[in-house]
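The values are calculated or read from the model by the stated rules, or taken from the named source; none is laboratory data. Keep in mind that this is a model prediction, so the values were computed, not measured. Cβ placement follows ideal geometry from the backbone for every residue including glycine, while neighbour counts extend to all protein chains displayed.
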Amino acid sequence: MISDITAKNIPPVRSENISRIGLGTHLGSFSEEDSRQYTEAIAFAVKHGITSIDTAINYRGMRSEKDVGNTISSLISSGEIRREDVFISSKAGLLFGDITRGLNPVKYLHEALEPKGIDLNAFSEYEGLYQTLHPDFFETALQTSLQNLRLPSIDVHYVHIPEITRAKLSENDFYQRMAELFAWYEHKVSEGKIRFYGLALEMLCMEPEEEKWHINIERICRIARETGSANSHFKYLQIPYNMKYPFAATVQNQSYGEENLSLIEAAHKAGLKVIGSMPLNCGEGFQKASLEEMVSFALNSVDGINIGSKNVAHIREILDLCNEI
């Protein structure tokens, strides 16, 4: 159902220290042309109020992280922005490659990860995606991301699609792995490498009634508090949320105390910020709804959304829409 909220009800683009509308960088090819377009798009977005930039180490074979890093570094060096003016998020957990070095994920595993003791046995597989919760992998990924982004720290670092590993483990084993990873994350916060961390979910939001994907947010937050000595830096949840996949708001698959809540309700009750990804369903949403309807729908339930685009004209249209109020 299309939301009856209009563009006049869309919250301001800027909210606290992150922008309500963020720019996602997952779409596109490995080409130099796409990198050129992303460089232009990121610079335009940041200069016009979209200060939240979301990426991941596996997006476009690391090219997305490098495009973000090159653009933001150039803007900082020229004095056009300060580091604190932008909110950068990235992700790790999926096996990745490095296209600029000619390394697909399998080659990267053999040449860069296996010498560090990280082999395929550390991963769980689902439809060609290989996911792990191993802290040693996250250490390598984070250091590589910081180099790609040309930054001393990342504002939010997400565990990318942990449901893949959840489906392969017993419930207790999964949460024990999460506790070990959260301990690593808190150490990285103390080192100043990241500010906050979170989960970037997918299957739980698209197939919410499949038990194999189930992750309980209340238990995750309890683990984070215990790991962080009651001062947890686990603060963010990123989820696919759009008209095709509204289930994070409509399916009550979360037990929280004595209540049954939706994923978004549970996250908000736990004090997490919820960031929606794929609000336009990778462009497919335009077959049934307008940009205004899709953006309004998404922002009605979550704290911010990341819209994937490398098109300056498209970003200008989004800004015009959201700044009408």
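Could you tell me whether Ser74 is part of a loop (DSSP other than H, G, I, E, B), of a type outside the set (Lys, Arg), surrounded by fewer than 22 Cβ atoms within 10 Å (Cβ to Cβ) and free of Cβ contacts under 8 Å to residues at least 40 places away in the same chain? Against the criterion (part of a loop (DSSP other than H, G, I, E, B), of a type outside the set (Lys, Arg), surrounded by fewer than 22 Cβ atoms within 10 Å (Cβ to Cβ) and free of Cβ contacts under 8 Å to residues at least 40 places away in the same chain), Ser74 does not qualify.
Exactly one residue out of Ser229, Ser262, Ser255, Ser277 is buried (at least 19 other Cβ atoms within 10 Å of the Cβ) and over 24 Å from Ile18 (Cα atoms), and it is Ser262.
Identify, please: which residue in segment 47-80 is modelled with pLDDT of 95 or more and among the β-branched types (Val, Ile, Thr) and is, among those, nearest to Gly22 (Cα to Cα)? Among them, the one singled out is Ile53.
Just so you know, in segment 210-231 the residues that are part of a loop (DSSP other than H, G, I, E, B) and among the hydrophobic types (A, V, I, L, M, F, W, C) include one that is nearest to Ala267 (Cα to Cα), and it is Ile215. Within segment 111-129, the residues that satisfy the criterion of being farther than 29 Å from Trp213 by Cα and of a type outside the set (D, E, K, R) are Ala112, Pro115. Among the residues making up segment 286-313, those that are among the aliphatic types (A, V, I, L, M), touching a residue at least 60 places away in the same chain (Cβ under 8 Å) and out of contact with any Asp or Glu (no Cβ under 7 Å at 6 or more places or on another chain) are Ala289, Val295, Leu299, Val302, Ile305, Ile307.
Here is a yes/no grid of residues against (1) farther than 21 Å from Ile161 by Cβ; (2) at pLDDT below 95:
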position: Leu263; (1), (2): no, no
position: Ala266; (1), (2): no, no
position: Leu272; (1), (2): no, no
position: Ile275; (1), (2): no, no
position: Cys282; (1), (2): no, yes
position: Phe286; (1), (2): yes, yes
position: Glu293; (1), (2): yes, yes
position: Asn306; (1), (2): no, no
position: Val312; (1), (2): yes, no
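Exactly one residue out of Ile194, Ile223, Ile217 is within 16 Å of Lys91 (Cα to Cα) and among the aliphatic types (A, V, I, L, M): that is Ile194. Checked against (1) within 29 Å of Val312 (Cα to Cα); (2) touching a residue at least 40 places away in the same chain (Cβ under 8 Å); (3) touching a strand residue (DSSP E or B) at 6+ places or on another chain (Cβ under 6 Å); (4) not basic (Lys, Arg), Phe44 passes all but condition (3).
Of everything in segment 307-325 that is crowded, with 20+ Cβ neighbours inside 10 Å and touching a His at 6+ places or on another chain (Cβ under 9 Å), the residue that is farthest from Gln37 (Cα to Cα) is Ile307.
So, in segment 188-229, of the ones that are of a type in the set (Gly, Ala, Ser) and under 17 Å from the mean Cα position of the chain (by Cα), which residue ends up farthest from Asn242 (Cα to Cα)?
If we take residues in segment 188-229 being of a type in the set (Gly, Ala, Ser) and under 17 Å from the mean Cα position of the chain (by Cα), then Gly198 is farthest from Asn242 (Cα to Cα).
Here Pro240 fulfils each of the conditions (1) in contact with a Cys (Cβ under 9 Å, 6 or more places away or on another chain); (2) touching a residue at least 40 places away in the same chain (Cβ under 8 Å) apart from (2). Among the residues of segment 188-209, those that are surrounded by 13 or more Cβ atoms within 10 Å (Cβ to Cβ) and either part of a helix (DSSP H, G or I) or touching a Gly at 6+ places or on another chain (Cβ under 7 Å) (or both) comprise Lys188, Val189, Met203, Leu204, Cys205, Met206.
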